[in-house]
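Engineer: Below you'll find the structure I mean.
The values are calculated or read from the model by the stated rules, or taken from the named source; none is laboratory data. Predicted model only: the values in this text are computed from it and were never measured. Positions of Cβ are generated from backbone atoms using ideal geometry, with glycine treated the same way; all protein chains shown enter the neighbour counts.
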Amino acid sequence: MSTVQPDRDEPAPADPAAEPAVPAAAPATSAADTPDPPRLGPRPLARPSVEVGAAEAFGRPAGVSGAFATNGDGPAGTNGRHGLGEPHIEQVSPPHPALASAFGRPGGAATDLQRPPQDPADRPAAGPDPFWDSASARDPWRDPAASVSLGPPAVETTEDRPAAESSARLSVRELLFGRRVKPAALGLLGVIALLIGAMGGLVGHWASSASEDLLDPGATLATTSPGKERPPGSVADIAARVVPAVVSIEIRLGDQGGTGSGVVIDEDGHVLTNNHVIAPAVGVPGSTIEATFHDGTHARVRVVGRDPKTDLAVVKVDVPNPTVAQIGRSADLAVGDGVIAIGSPLGLAGTVTDGIVSAINRPVRLDGEGSDTNAVIDAIQTDAAINPGNSGGPLVDSTGAVVGLNTAIRTAGEGGSIGLGFAIPIDDARQIAEQLIRAGVVKHAELGVNSKIVTDGVEDGAQVQNVRPGSAAAEAGIIEGDVIVRLGDRSIRVPNELDVAQREHAIGEEVPIQLIRQGRPLTVTATLRSD
């Protein structure tokens with residue numbers, strides 16, 4: 001059998017106090033007689049030395065050997081409040097003299113305030129004991145060994161008490177004549193009632209007088225002065241005369257449509273408008289064009305003629321005795337003259353806005369807006385508010401005469417008036433309208449060139465890009481690269497001015513043309529031909 005070997009890493013030191021090792025017993029013949037293996041004694045306790053400072057701070061006081069030593073009043077060496085054979089240790093400091101004087105026993109008194117129970121036989125016969133009476137021994141509340149038992153519930157003893165007499169209510173007669181209330185109290189109550197009534201009357205009078213101040217059954221409003229005078233030439237006077245001659249034109253193409261304006265120019269019902277107003281509905285099956293007058297009269301529109309190069313058109317309405325607008329002269333306009341724009345902007349018929357002439361002879365190329373319009377107009381610029389729907393409406397002067405036909409606006413962003421409106425001069429529009437009413441078509445004089453704007457830093461002009469064979473320019477000897485600076489009496493700075501300058505002359509008219517060729521001025525004469 002194997003034996004337990006000691007720890008080889010650290011042999012146990014010999015301890016004289018340890019129990020001597022038991023020698024191993026001789027092997028036995030049976031398992032029942034086998035002795036227990038030898039046991040090793042416990043190792044000695046390693047007690048490190050304690051520092052002097054730690055011992056003074058955490059050690060026991062002098063004379064105390066155990067952690068459970070007590071103090072008391074028993075004799076030393078007994079099993080009482082002192083340790084066995086150890087001296088008394090005072091652990092509680094004596095009270096302050098002031099506290100001892102206030103709460104201590106009186107001087108010379110050696111007994112407690114409450115004496116322990118005594119046998120009644122030992123009580124002195126001088127008088128009754130103030131603490132214990134003769135039945136104190138049988139009182140369970142004073143007997144600590146008394147058993148606990150439940151007693152009967154505490155029931156309040158009721159005594160026969162006489163029922164309170166209910167006082168009868170006082171009647172008015174008893175109150176006044178029964179002498180149940182003192183006369184002074186009755187007088188005081190009367191005075192209080194009079195005061196309350198007086199205050200109520202004052203409040204009612206004040207409320208009624210205040211309401212009467214707000215209402216006046218006989219009130220009548222003063223008659224106003226005569227109506228505002230509208231002298232001839234005022235905006236109101238002009239609008240009253242011109243608005244009846246302006247119509248709102250509406251086109252419909254299936255579920256789509258558009259609106260514009262027009263002005264009646266003769267008693268036969270001819271209406272002058274822009275070509276781009278009616279062009280989307282011309283020649284389209286199922287489309288309709290309708291005119292609405294300021295009084296709500298509706299009339300079907302028939303197209304008389306259109307001119308895409310000037311964005312003008314004439315239509316006719318069958319209305320008896322239409323109001324006709326007065327035609328003026330655009331050549332007499334000057335910058336700063338007052339003008340009024342009338343039309344149906346955004347579908348609002350009969351809208352009137354006023355402004356001034358901002359510029360004249362302003363060449364503007366028009367956007368066709370989905371129509372066949374491809375025009376450059378010599379426009380009148382105005383700051384009168386013009387919006388989509390004003391197209392085709394009249395621009396009138398301070399006399400109420402039509403001096404232009406509102407045609408285009410220049411906007412910033414999504415649209416709307418920003419004070420830049422353009423109208424076709426009525427002098428040009430009247431000639432086109434007469435030709436359309438007479439023949440249904442218009443022919444224009446042209447030079448037969450395409451150009452672009454150029455400048456040499458001193459003078460601007462329209463440089464010829466190409467010349468159509470057989471055109472007036474080709475017969476006059478104009479070649480590509482020539483810069484046209486004047487046509488007739490009009491200076492040319494941009495190609496748009498060249499376009500409008502050609503239409504100012506009649507077909508077959510000979511027109512002098514000043515140009516610059518390879519840096520040298522040159523003048524040629526061209527006979528304008530029809531387009």
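Engineer: Which residues, taken from segment 442-466, are assigned to a loop (DSSP other than H, G, I, E, B) and either surrounded by 12 or more Cβ atoms within 10 Å (Cβ to Cβ) or assigned by TED's automatic domain parsing to the domain that holds Ala375 (or both)?
Structural biologist: Val442, Lys443, His444, Leu447, Gly448, Glu459
Engineer: Hey, another quick one. Which residues, counting only those in segment 231-290, are of a type in the set (Gly, Ala, Ser) and in a strand (DSSP E or B)?
Structural biologist: Passing the criteria: Ser248, Gly257, Gly258, Gly260, Ser261, Gly262.
Engineer: Hey, another quick one. Look through Asp378, Asp372 and report the one residue that is of a type in the set (Asp, Glu), in contact (Cβ under 8 Å) with a residue 40 or more places away in the chain and either in a strand (DSSP E or B) or farther than 30 Å from Gly283 by Cα (or both).
Structural biologist: Only one candidate passes the filter, namely Asp378.
Engineer: Of the residues Val324, Val263, Val304, Val315, which single one is of a type in the set (A, V, I, L, M), out of contact with any Gly (no Cβ under 6 Å at 6 or more places or on another chain), more than 22 Å from Ala349 (Cβ to Cβ) and modelled with pLDDT of 90 or more?
Structural biologist: Result: Val304 is the single residue among Val324, Val263, Val304, Val315 that is of a type in the set (A, V, I, L, M), out of contact with any Gly (no Cβ under 6 Å at 6 or more places or on another chain), more than 22 Å from Ala349 (Cβ to Cβ) and modelled with pLDDT of 90 or more.
Engineer: Filter segment 512-531 down to residues that are touching a strand residue (DSSP E or B) at 6+ places or on another chain (Cβ under 6 Å) and modelled with pLDDT of 90 or more, then give me how many there are.
Structural biologist: Looking only at that region, the number is 12.
Engineer: List pairs: first residue in segment 278-290 and in the same structural domain as Gly254 (by TED's automatic domain parsing), second residue in a helix (DSSP H, G or I) anywhere in the structure, Cβ distance under 6 angstrom, at least six positions apart or on different chains.
Structural biologist: Hits for this filter: Ser287/Ala281; Ile289/Ile278; Ile289/Ala281.
Engineer: Examine segment 420-437 for a residue that is under 39 Å from the mean Cα position of the chain (by Cα), surrounded by fewer than 24 Cβ atoms within 10 Å (Cβ to Cβ) and under 23 Å from Arg329 (Cα atoms), and state whether such a residue exists.
Structural biologist: The answer is yes, given that some residue of segment 420-437 is under 39 Å from the mean Cα position of the chain (by Cα), surrounded by fewer than 24 Cβ atoms within 10 Å (Cβ to Cβ) and under 23 Å from Arg329 (Cα atoms).
Engineer: I've got another one for you. Quick check, is Thr220 among the hydroxyl-bearing types (Ser, Thr, Tyr), within 49 Å of the chain's Cα centre (by Cα) and either within 30 Å of Gly389 (Cα to Cα) or in the same structural domain as Gly393 (by TED's automatic domain parsing) (or both)?
Structural biologist: Judged against the criteria, Thr220 is not a match.
Engineer: Then there's this: Could you tell me whether segment 467-476 includes any residue that is at pLDDT 90 or above, assigned to a strand (DSSP E or B), surrounded by 15 or more Cβ atoms within 10 Å (Cβ to Cβ) and in contact with a strand residue (DSSP E or B) (Cβ under 8 Å, 6 or more places away or on another chain)?
Structural biologist: Yes, some residue in segment 467-476 is at pLDDT 90 or above, assigned to a strand (DSSP E or B), surrounded by 15 or more Cβ atoms within 10 Å (Cβ to Cβ) and in contact with a strand residue (DSSP E or B) (Cβ under 8 Å, 6 or more places away or on another chain).
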